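The values are calculated or read from the model by the stated rules, or taken from the named source; none is laboratory data. A quick note: this is a predicted structure, and the numbers were derived from the prediction, not measured. Neighbour counts are summed over all protein chains in view; Cβ atoms, including those assigned to glycine, are modelled from backbone coordinates with ideal geometry. The protein model used for the area step is the full one, side chains on, heavy atoms only, and it has no ligands, DNA or RNA in it. Shrake-Rupley method; radii C 1.70, N 1.55, O 1.52, S 1.80 Å.
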Amino acid sequence: MFISSRLALALGLGLIPLVALTAAGMPVWAVLGGWILLCAALLIVDVAAAASARTVTVARRVPGRARMGEAVDAQVSVHNHGTRTLNALIRDGWQPTAGASSQRLQATIPAGERRRVIVPLVPRRRGELASEFVFIRSRGPLGLGGRQTRHQVRGAIRVLPAFSSRKHLPSRLARLRELDGNTSIQVRGQGTEFDSLREYVRGDDVRSIDWRATARAGTTMLRTWRPERDRHVVILIDTGRTAAARVGDGTRLDASLEASLLLAALATRAGDHVHLLLYDRTVRARVTGIDGTGLLPAMTDAMAPVHARLVDTDWAGAFAAIRTLTTRPSLVVVLTAQDAAESARGFLGAFPNPSRSTTVLVGSVTDDAIGELAQQRGSREEIYLAAAAERTMRDAENVADAVRRAGGEAITADPESLPPKIADRYLELKAAGRL
């Protein structure tokens, strides 16, 4: 059973007869004891009159998947098998990161009927969120108390990454169409894969003239090219301890997931093959051999349960795992946080040898707060913080220079700017014929 706040209010109202009867000469203890006994009797009657919370069947309907930060509705269905009307207070036992309301849901269920209540959820954490039980309270007619029962009915929802960087996708797809020569203005890319023939126009590159086609057509014909297709893009996401650092409203791992999803969406529309690997000391998730519309659902589903682990990443094993995905010429995008020379030694030591067929791009998330600290000079404490921030920025730049000397390319940006920057670099490589 349970008691409600109405019982406390009823006990408080006993002060009125207590004062009145005490003034009339009655003993205080008699008046107080009598009032408490009256309230207790009313509570017992109210609990006895309440419908049983055990004679119900509870069922759930929960969406299988939802994106982090987006509102979804879970449903709880209660079937009253008793002979009395059930005045129910329903509490669904979701964990706090599911974003369920703390208020109990009310429902009046006549005997033999079923009612369904909506539980709004706003998930704030990736992975599987679960509710193991549903509490049902049956209130009595007076509202002083009632009966309650816990029903073991499990419900689970898989929370996928938010993919908020998809807002940058339309503009990048427009640039990709320009590279492919499919826009109305017929802008041609400078790839190395043959596309079509057209008549020569003054100002065109004479090295692209097709002399055989010219002889057949009787007019000067020009070969046009398009960015190559069927290339391979390998995305390696570091899930080690550096990925657990908070940057902005999320972690570095969250920003890396956003960048990888935007790049994968763009690459698959360009006709390239995308491979995904999440790694620290072992493979946490792998997506390979999937193209077309099934790629992004597979990636988000694989990313959902993966969180950063407080271990140092085995970079030798990570780059060895990349070589098992493809041996074809490819673009390797490594999303990590290499901002200190001491912690980057293992990464730089295992860095793959540069080649003409493979381009290695290293993307790192930076914290805007560090740059802001470096500008503060208002007090002695701020000067020391500014010096520390300057040292951090210089170390990160030294690591980026080391990546460039090793034959790779380094891109650093805040969580909002990193995904479009990596997508833009991908388009530049396509336009230059390097991918």
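What tally of residues in the range 103-133 results from selecting those that are open to solvent by 20 Å² or more (accessible area, probe 1.4 Å) and not in a strand (DSSP E or B)?
9
What single numbered condition from (1) small (Gly, Ala, Ser); (2) in contact (Cβ under 8 Å) with a residue 60 or more places away in the chain; (3) over 25 Å from Ala162 (Cα atoms) fails to hold for Ala88?
For Ala88, the failing item is (2).
Taking the range 242-279 only, how many residues are charged (D, E, K, R) and crowded, with 20+ Cβ neighbours inside 10 Å?
4
Go through the range 226-274 and give me each residue that's in contact (Cβ under 8 Å) with a residue 60 or more places away in the chain and in a strand (DSSP E or B).
Residues satisfying the conditions are His232, Val233, Val234, Ile235, Leu236, Ile237, Asp238, Val247, Gly250.
Can you confirm whether Thr293 is in a helix (DSSP H, G or I), free of Cβ contacts under 8 Å to residues at least 40 places away in the same chain, surrounded by 17 or more Cβ atoms within 10 Å (Cβ to Cβ) and over 18 Å from the mean Cα position of the chain (by Cα)?
no
When you scan the range 411-435, how many residues do you find that are part of a helix (DSSP H, G or I), of a type in the set (Asp, Glu) and touching a residue at least 24 places away in the same chain (Cβ under 8 Å)?
As a first pass, look at the range 411-435 and keep what is part of a helix (DSSP H, G or I): 418-431.
Filter again for of a type in the set (Asp, Glu), leaving 424, 428.
Narrowing further to those that are touching a residue at least 24 places away in the same chain (Cβ under 8 Å): 424.
Going through the range 411-435 one residue at a time, the tally reaches 1.
Restrict the check to the range 348-357 and report whether at least one residue is open to solvent by 50 Å² or more (accessible area, probe 1.4 Å) and either in contact with a helix residue (DSSP H, G or I) (Cβ under 6 Å, 6 or more places away or on another chain) or closer than 24 Å to Ser417 by Cα (or both). Working first, answer last.
Of the residues in the range 348-357, the ones open to solvent by 50 Å² or more (accessible area, probe 1.4 Å) are 348-349, 353-357.
Remaining after also requiring either in contact with a helix residue (DSSP H, G or I) (Cβ under 6 Å, 6 or more places away or on another chain) or closer than 24 Å to Ser417 by Cα (or both): 348.
For the range 348-357, residues open to solvent by 50 Å² or more (accessible area, probe 1.4 Å) and either in contact with a helix residue (DSSP H, G or I) (Cβ under 6 Å, 6 or more places away or on another chain) or closer than 24 Å to Ser417 by Cα (or both): present.
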